[in-house]
Amino acid sequence: MADFDAVVVGAGVVGLAVTRALALSGRSVLVVEKAESFGMETSSRNSEVIHAGIYYPPGSLKARLCVEGRHRLYQYLAEREIPHLRCGKILVAVEPDELPVVESLLARGRANGVGDLRMIGAEEAHVLEPALKSVGGALSPSTGILDSHSYMLALLGDAENAGATVIFRAPFLGADHEADGTFTIRVGGEEESRITARALVNAAGLHASQVAAAIAGLDPAHIPETRYAKGNYFTLCMRSPFSHLIYPMPNSASLGVHLTLDLAGNARFGPDAEWIEAIDYDVDPRRGDLFYAAIRRYWPALPDDVLAPGYAGIRPKLVRANEAAADFRIDGPEAHGVAGLVNLFGMESPGLTASLAVAEEVAGRLRDV
């Protein structure tokens, strides 16, 4: 008889959503989190954008789970009265040669099931955003923003109300897959403890590869290397003239230095892409020069001395710099052969938007456990 039906490693937004889904299905669930609270890393260090599902290859997990997750997320936020705003996004073409890129993104988004995208000309772009320099672009009305902390707090409350237990300052140390199919899991803290569970979900985000490597019986061939792409943000120290999110054309590592808004209407810019070897959240003020140059491509009137270092987040990448973005990896027993184990690798953007759909996907992989 196992102590729990499932143990989830990591209390980020995906781990909390998975815990909620498993608990609501009637399972006993324990979450172990090494930090002192939930969502302390990637889940709280991002743009807080509800993505429509435009950028991801049709048929990919990112595309499917982003679109499904967006519908679920808006419904959940509305039902729980969690602060959010469907403000819309403009994909901006600054030069004529960028218009075909916008058109290709539009086609990709439509192939993914994003049905409300449309091209706009320079005149309409100017009417929507008079400060924007543009030769045209596309409008994504279903893109929005949310209060990610309130969202995670609601997920945690749902999970605990359904009987789940979350313990903080409890690092995962390792697990053994026993002959009877259960897991014996070692958890640190003030004293090391051992817990048994029928299922184990690795939702450790930046640390998912290290967690997987500590699971005895999992072939290392099924453990990808997680690399770190740091995204720096700078805040605008003046009133923003924009009411939409503004996205320039993307590159291989990020969606560009875009402008996003918080729910108070304040603007921030980022993320950029700085590949790093170790986790580090410091923002180098000298990177501001690169931000001014990138922003002035689409907002030429940006004054001097109005950007301040904000914060940084880190994306868990499954590729190297200058390689095409990888898909989410949700590796269940069908991938690695270990019954009851689901590893989540590369849970970067759009993980926040997709979280409720990811949770259903994971619960489905464990339906028979």
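The values are calculated or read from the model by the stated rules, or taken from the named source; none is laboratory data. Given the structure is predicted, the values throughout are model-derived calculations rather than measurements. Every residue, glycine as well, gets a Cβ built from its backbone with ideal geometry; the counts of neighbours run over all protein chains shown. Surface areas here come from the heavy atoms of the whole protein model, side chains and all, with no ligands, DNA or RNA. Shrake-Rupley method; radii C 1.70, N 1.55, O 1.52, S 1.80 Å.
For Lys34, are the conditions met, namely being modelled with pLDDT of 95 or more, of a type in the set (Lys, Arg) and open to solvent by 10 Å² or more (accessible area, probe 1.4 Å)?
Numbers: modelled with pLDDT of 95 or more: yes; of a type in the set (Lys, Arg): yes; open to solvent by 10 Å² or more (accessible area, probe 1.4 Å): yes.
Yes; evaluated as a whole, the condition is true for this residue.
Restricting attention to the stretch 151-172, does a residue exist that is at pLDDT 95 or above, among the acidic types (Asp, Glu) and surrounded by fewer than 20 Cβ atoms within 10 Å (Cβ to Cβ)? If you could, list the steps in order and put the result at the bottom.
Residues of the stretch 151-172 at pLDDT 95 or above: 151-172.
Next, only the ones that are among the acidic types (Asp, Glu) stay: 158, 160.
Filter once more, so that each one left must be surrounded by fewer than 20 Cβ atoms within 10 Å (Cβ to Cβ): 158, 160.
Yes, there is a match, as at least one residue in the stretch 151-172 is at pLDDT 95 or above, among the acidic types (Asp, Glu) and surrounded by fewer than 20 Cβ atoms within 10 Å (Cβ to Cβ).
Looking only at the stretch 1-55, which residues are among the hydrophobic types (A, V, I, L, M, F, W, C) and part of a strand (DSSP E or B)? Explain how you work it out, then say what you get.
We begin by selecting, within the stretch 1-55, every residue among the hydrophobic types (A, V, I, L, M, F, W, C); these are 1-2, 4, 6-9, 11, 13-14, 16-18, 21-24, 29-32, 35, 38, 40, 49-50, 52, 54.
Within the stretch 1-55, Phe4, Ala6, Val7, Val8, Val9, Val29, Leu30, Val31, Val32, Val49, Ile50 qualify.
Restricting to strands (runs of 3 or more DSSP E) lying wholly in the stretch 78-187: which have 1 or more residues that are among the β-branched types (Val, Ile, Thr)?
On the way: elements: 89-93, 118-121, 136-140, 144-146, 165-167, 172-177, 183-187.
The qualifying strands (runs of 3 or more DSSP E) are 89-93, 118-121, 144-146, 165-167, 183-187.
Just need a number here: residues in the stretch 169-183 that are in contact with a Lys or Arg (Cβ under 6 Å, 6 or more places away or on another chain) and free of Cβ contacts under 8 Å to residues at least 60 places away in the same chain. Before the answer, list the steps.
Quick first cut of the stretch 169-183, residues in contact with a Lys or Arg (Cβ under 6 Å, 6 or more places away or on another chain) only: 171, 173-174, 182.
Those still in the list that are free of Cβ contacts under 8 Å to residues at least 60 places away in the same chain too: 173-174.
Adding up the residues that qualify gives 2.
Quick one: which of Ala125, Ala111, Ala107, Ala131 is at negative phi, of a type outside the set (S, T, N, Q), free of Cβ contacts under 8 Å to residues at least 40 places away in the same chain and open to solvent by 10 Å² or more (accessible area, probe 1.4 Å)?
Working: Ala125 fails: open to solvent by 10 Å² or more (accessible area, probe 1.4 Å); Ala111 fails: free of Cβ contacts under 8 Å to residues at least 40 places away in the same chain; Ala131 fails: free of Cβ contacts under 8 Å to residues at least 40 places away in the same chain.
Just one listed residue meets the conditions, Ala107.
Could you give every pair whose Cβ atoms fall below 7 Å, whose first residue belongs to the stretch 197-212 and is among the charged types (D, E, K, R), and whose second residue is open to solvent by less than 20 Å² (accessible area, probe 1.4 Å), counting only separations of at least 6 or pairs across chains?
Arg198/Ala6; Arg198/Gly340
Looking at the stretch 191-200, is at least one residue modelled with pLDDT under 95, in a loop (DSSP other than H, G, I, E, B) and surrounded by 18 or more Cβ atoms within 10 Å (Cβ to Cβ)?
no
Would you be able to tell me the number of residues in the stretch 173-189 that are at pLDDT 95 or above, among the aliphatic types (A, V, I, L, M) and open to solvent by 40 Å² or more (accessible area, probe 1.4 Å)?
1
Need pairs with beta-carbon distance below 9 Å; first residue free of Cβ contacts under 8 Å to residues at least 40 places away in the same chain and within the stretch 34-59, second of a type in the set (S, T, N, Q); sequence gap 6+ or separate chains.
Gly59/Asn112
Among the residues of the stretch 358-368, is there at least one that is part of a loop (DSSP other than H, G, I, E, B) and in contact with a Cys (Cβ under 6 Å, 6 or more places away or on another chain)?
Taking the stretch 358-368 first, the residues part of a loop (DSSP other than H, G, I, E, B) are 366-368.
Now drop any that are not in contact with a Cys (Cβ under 6 Å, 6 or more places away or on another chain), which leaves none.
For the stretch 358-368, residues part of a loop (DSSP other than H, G, I, E, B) and in contact with a Cys (Cβ under 6 Å, 6 or more places away or on another chain): absent.
Going through Arg297, Arg286 one at a time, which residue ends up being within 28 Å of Tyr56 (Cβ to Cβ) and of a type outside the set (Phe, Trp, Tyr)? It would help to see each step written out before you state the result.
Numbers: Arg286 fails: within 28 Å of Tyr56 (Cβ to Cβ).
Residue meeting the stated conditions: Arg297.
Which residues, counting only those in the stretch 214-228, are in a helix (DSSP H, G or I) and either touching a Gly at 6+ places or on another chain (Cβ under 9 Å) or open to solvent by less than 10 Å² (accessible area, probe 1.4 Å) (or both)? Spell out the reasoning first.
Pass one, the stretch 214-228, residues in a helix (DSSP H, G or I): 220-222.
Once the filter is applied, which keeps residues that are in a helix (DSSP H, G or I) and either touching a Gly at 6+ places or on another chain (Cβ under 9 Å) or open to solvent by less than 10 Å² (accessible area, probe 1.4 Å) (or both), the stretch 214-228 yields only His222.
Can you tell me how many residues within the stretch 264-298 are open to solvent by 10 Å² or more (accessible area, probe 1.4 Å), within 19 Å of Ile246 (Cα to Cα) and either in contact with a His (Cβ under 9 Å, 6 or more places away or on another chain) or part of a loop (DSSP other than H, G, I, E, B) (or both)?
Looking only at the stretch 264-298, we keep the residues that are open to solvent by 10 Å² or more (accessible area, probe 1.4 Å), and these are 264-266, 268, 271-287, 289-290, 292-294, 296-297.
Next, from what is left, pick out any that are within 19 Å of Ile246 (Cα to Cα): 264-266, 268, 271-273, 290, 292-294, 296-297.
Still in the list and also either in contact with a His (Cβ under 9 Å, 6 or more places away or on another chain) or part of a loop (DSSP other than H, G, I, E, B) (or both): 264-266, 271-273, 296-297.
Going through the stretch 264-298 one residue at a time, the tally reaches 8.
From (1) within 28 Å of Val92 (Cβ to Cβ); (2) more than 25 Å from the chain's Cα centre (by Cα); (3) of a type in the set (Gly, Ala, Ser), pick out the condition that doesn't hold for Ala324.
(2) is the only condition that Ala324 fails.
Okay, residues lined up against (1) open to solvent by 30 Å² or more (accessible area, probe 1.4 Å); (2) modelled with pLDDT under 95; (3) under 12 Å from Ile54 (Cβ atoms):
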residue	(1), (2), (3)
Lys89	no, no, yes
Asp97	yes, yes, no
Ala138	no, no, yes
Ser148	no, no, no
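Which residue pairs have Cβ atoms closer than 8 Å, lie 6 or more positions apart in sequence or on different chains, and pair a first residue in the stretch 300-316 that is at negative phi and at pLDDT below 95 with a second residue that is part of a loop (DSSP other than H, G, I, E, B) and of a type in the set (Val, Ile, Thr)?
Pairs that qualify, where the first residue is at negative phi and at pLDDT below 95 and the partner is part of a loop (DSSP other than H, G, I, E, B) and of a type in the set (Val, Ile, Thr): there are none.
Does Ala321 meet the test of being in contact with a strand residue (DSSP E or B) (Cβ under 6 Å, 6 or more places away or on another chain) and modelled with pLDDT under 95?
Details: in contact with a strand residue (DSSP E or B) (Cβ under 6 Å, 6 or more places away or on another chain): yes; modelled with pLDDT under 95: yes.
It is true that Ala321 is in contact with a strand residue (DSSP E or B) (Cβ under 6 Å, 6 or more places away or on another chain) and modelled with pLDDT under 95.
Return the only residue of Glu48, Glu68 being on the phi < 0 side of the Ramachandran plot, modelled with pLDDT of 95 or more and open to solvent by 10 Å² or more (accessible area, probe 1.4 Å). Give the derivation first.
Working: Glu48 fails: on the phi < 0 side of the Ramachandran plot.
Only one candidate passes the filter, namely Glu68.
Which ones in the stretch 299-350 are basic (Lys, Arg) and surrounded by fewer than 16 Cβ atoms within 10 Å (Cβ to Cβ)? Can you show your working first?
Of all residues in the stretch 299-350, those basic (Lys, Arg) come to 315, 317, 320, 329.
Passing the criteria: only Arg320.
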